[in-house]
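The values are calculated or read from the model by the stated rules, or taken from the named source; none is laboratory data. Remember, predicted model here, so these are calculated numbers, not experimental data. Here the Cβ is made from the backbone with ideal geometry for all residues, glycine too, and neighbour counts use every protein chain on show. Ligands, DNA and RNA are excluded from the accessible area calculation, which covers all protein heavy atoms including side chains. Shrake-Rupley method; radii C 1.70, N 1.55, O 1.52, S 1.80 Å.
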Amino acid sequence: MRRTSALIAGGGPAGAVAALLLARHGAAPVLLERSRGTPDALCGGFLSWRTLASLRQIGVEPDGHVVRRVVLFAGGRRSESPLPAPAIGLSRRRLDAFLLEAAQAAGAGVERGVTIRSAEGRTLHTGDGATVVGETLFLATGKHDLRGAMRDADPGADPAMGVRVRLGPHPALTRLVGDAIELHAFAGGYGGLVAQEDGSANLCMALRRSRLRAAGDLPALLRVLAVECPALGERLAYIGETPTIDAIANVPYGWRARATETGVYRLGDQAGVIPSLAGEGMGIAIASAIRAVAAWQRQGAAGAIGYQHDLARALRRPILLAGLLRTLAEDRRGSTLLLAGGRVPWLVGRAAAWTRVDQMPAYQS
Ligand SMILES: Cc1cc2nc3c(=O)[nH]c(=O)nc-3n(C[C@H](O)[C@H](O)[C@H](O)COP(=O)(O)OP(=O)(O)OC[C@H]3O[C@@H](n4cnc5c(N)ncnc54)[C@H](O)[C@@H]3O)c2cc1C
């Protein structure tokens, strides 16, 4: 059995930022990540201005494709508004590599190719039969639950799923999308589309499982959506001959961890899951890691309970509002309302501000 003072499960944005900050504070953290190479989580790759500010706060500044506008498409119509501040489109492969390298450079032990099979409090059991115990555990396995630490979310009758497709790179696609984050609304779901650092575009959709069941399979679903949403169809023309389509089932949008146990800090998607059209999941992952390390510095393992309680409170409004916007986007009449609101920069600014996680404690390096 191995023992370590700070143990981190998962090397997405939440785990990597926690590792970086803990290493800077001399905690010699150990991070376990199942991907052998760089993780490439299913994600839209839109980093909001607030997410970028959180990263800047800890001295990290990733480059990406600059995004200045939000364009909404629904029922064959579109509306457009400037974003409150510039954001970026950045592939998760690039972002996660960047953050994990920063953590390693700061002195964190990053162990790749280690699959955690289950958790028992602060003890992790790995796929190769090893047991690792942390004085404090930072649980950051994101979209994937660990046996023994499952999120207690109710998937509902028609659960949400995430689907990702890469488009391009192609100069015509770059011209089409430009410096926008696009939101394509359709019955039972929506897709976010943004250009990335290499000129490709990332189309990431959140939709009800019933849409997939009705279409039969993922390629058939894309064909149906291309006809249903002409603007989306225009972009899907750049999908390529042999596309990789990634999917994840049962995304528990709206769930928040309201409690935890001493010594277990839940971060990122293991702390709360905001509907993805808000483009703030990574922001929450990073903010939760900053908050968790600040609480750990003050109170060590005992700080977990207060941290989780405070984070759940801070996540309440952003998650509720993003849930309301998601309900509107998935409904024909609701998306018309969204389209009208999308023409009013003040409203877009308010919705954008209220779906961010605020009140981050000032970080002291
Ligand atoms: C369809 C969709 C689109 C989205 N688009 C955006 C967007 O554009 N912008 C945005 O900000 N957010 C977006 N999000 C949300 C965002 O992806 C998440 O909120 C964010 O990735 C959470 O970060 P995390 O570090 O908690 O988890 P993750 O990013 O999921 O990382 C978890 C890490 O843990 C590792 N791991 C998991 N299980 C194990 C295990 N058993 N053993 C070892 N390692 C393990 C994984 O390999 C991964 O590297 C989107 C989500 C969905 C579903």
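Restricted to helices (runs of 4 or more DSSP H) entirely inside the range 135-253, those with at least 1 residues that are touching a residue at least 60 places away in the same chain (Cβ under 8 Å) and open to solvent by 30 Å² or more (accessible area, probe 1.4 Å) are 230-236.
One line per residue, one yes/no per condition, for (1) closer than 25 Å to Arg36 by Cβ; (2) at pLDDT 95 or above; (3) among the β-branched types (Val, Ile, Thr):
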{"residue": "Arg112", "(1), (2), (3)": "yes, yes, no"}
{"residue": "Glu120", "(1), (2), (3)": "no, yes, no"}
{"residue": "Val133", "(1), (2), (3)": "yes, yes, yes"}
{"residue": "Ala172", "(1), (2), (3)": "no, no, no"}
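Inspect the range 298-309 for any residue being touching a residue at least 60 places away in the same chain (Cβ under 8 Å), in a strand (DSSP E or B) and open to solvent by 20 Å² or more (accessible area, probe 1.4 Å) and give the result as yes or no. No, the range 298-309 has no match at all. Quick check on the range 274-291. Is at least one of its residues at pLDDT 95 or above, of a type in the set (D, E, K, R) and more than 15 Å from the ligand (Cβ to nearest atom)? Checking the range 274-291: not a single residue is at pLDDT 95 or above, of a type in the set (D, E, K, R) and more than 15 Å from the ligand (Cβ to nearest atom). Would you check if there is a residue in the range 257-265 being buried (at least 24 other Cβ atoms within 10 Å of the Cβ) and within 18 Å of Ala41 (Cα to Cα)? No, the conditions are met nowhere in the range 257-265.
Before we move on, is Ser48 in contact (Cβ under 8 Å) with a residue 40 or more places away in the chain, more than 30 Å from Gly127 (Cα to Cα) and within 15 Å of the ligand (Cβ to nearest atom)? Taking the combined requirement at face value, the residue satisfies it. Of all residues being more than 21 Å from Ala23 (Cα to Cα) and part of a helix (DSSP H, G or I) in the range 266-282, which is most open to solvent (accessible area, probe 1.4 Å)? Just the residue, please. So the residue we want is Ser276. Does any residue of the range 57-68 turn out to be within 13 Å of the ligand (Cβ to nearest atom) and either within 30 Å of Arg122 (Cβ to Cβ) or of a type in the set (Ser, Thr, Tyr) (or both)? Scanning the range 57-68 turns up no residue that is within 13 Å of the ligand (Cβ to nearest atom) and either within 30 Å of Arg122 (Cβ to Cβ) or of a type in the set (Ser, Thr, Tyr) (or both). In the range 69-96, of all residues being among the small types (Gly, Ala, Ser) and within 16 Å of the ligand (Cβ to nearest atom), the one that is farthest from Leu203 (Cα to Cα) corresponds to Ala85. Just give me the residues in the range 104-119 being touching a residue at least 40 places away in the same chain (Cβ under 8 Å) and either within 12 Å of the ligand (Cβ to nearest atom) or within 17 Å of Val177 (Cα to Cα) (or both), in sequence order. Answer for the range 104-119, where residues must be touching a residue at least 40 places away in the same chain (Cβ under 8 Å) and either within 12 Å of the ligand (Cβ to nearest atom) or within 17 Å of Val177 (Cα to Cα) (or both): Val110, Glu111, Arg112, Gly113, Val114, Thr115, Ile116, Ala119. The residues of the range 314-352 that are surrounded by 15 or more Cβ atoms within 10 Å (Cβ to Cβ), part of a helix (DSSP H, G or I) and of a type in the set (D, E, K, R) amount to a single one, Arg326.
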